[in-house]
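Below is one structure, written out as C-alpha cells; comments come after it.
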Amino acid sequence: MEKILINLVSYKFIDHDYKTREFAELEKKFKTKVIIHDLSQIFYPKLNYIKAKNFKKSIRFKSLSQWIKTLNRFKKKDVIILNELSLDSFKSLIMHYYLKKTNLPIILDGSPGVIDKSDFLVLNLETIMIKFKRILHNPNHLFFFLKKKILIFLFSFIKFNKITIFLAGNNNKSLPLFYYS
C-alpha cells in the first residue's frame, strides 16, 4: 500500500514551495505520494491579486465543505497529514476540529520562522503605557488581541491522538496546545 502525505497550507502553494520542501525526493526515494491541499481561497478569498502561479499538482479548495469531503476519502488509507495551518482564525479552528475527527496522524512544525517580539518584551509601566496608547489610537489591536486569546482557549480543547511535533530550540512559547489526549 502506497503511503500518502497530505500537506495542508493556508496560502498559495507555488513551485518554489514544492522544491524547498524536497517533496520530489520524498516521492522518489520513499515511494510516498504527496498531495498538496491549497486552502488559500478559504482563508484569503480576496487575495486574487497575487500573481504567483500555483503549483500545478496542488488541489485548491473554495469551501470548507469541499475540503472536508475530500479529506473524508482518505480516512481508510495510509495517510499522514503535514499541518501548516495557522492558529489565528476561526476557519483554522474548524479545520483542526475536523482533523481531530478523522483521527489521522498529524505532523506539526512547532518552530515558527518569525520571532515573536513578545518573547523579548519586558513589562514595565512605560511599555504598558505604549500599548495602551496604541490601543487608543487603533482599537483593532485590541480586537486582534482578544480574538487571539479566545482562539488559544478554544484550540486548547482540541487534543490529537496521533501527533508528531517538530520543535527547534529549548524554550518555545509558540508550541501548540494540542498534545496527546
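Nothing in this text is a laboratory measurement; each read-out follows from the coordinates by a stated rule. Bear in mind that the values here come from a model prediction, so they are computed numbers and not experimental data. A quick note on method: Cβ atoms are made from the backbone with ideal geometry, for glycine too, and the neighbour counts reach across all protein chains shown.
Could you tell me the relative contact order of segment 1-71? Use alpha-carbon pairs under 8 Å, at least six residues apart, and round to a whole percent.
Numbers: 92 pairs, mean separation 27.0, N = 71.
Relative contact order, segment 1-71: 38 percent.
For a quick protection proxy, order the peptides 137-144, 86-93, 2-9, 70-77 by their average other-Cβ count within 10 Å, most packed first. Display every interim value, and only then the final one.
Details: 137-144: 11.1, 86-93: 15.4, 2-9: 17.2, 70-77: 12.6.
In descending order of packing, they fall as 2-9, 86-93, 70-77, 137-144.
Enter the mean projected area of the convex hull around the alpha-carbon atoms of segment 1-85, in nm², rounded to one decimal.
Numbers: hull surface 22.5 nm².
For the Cα atoms of segment 1-85, the hull's average projected area reads 5.6 nm².
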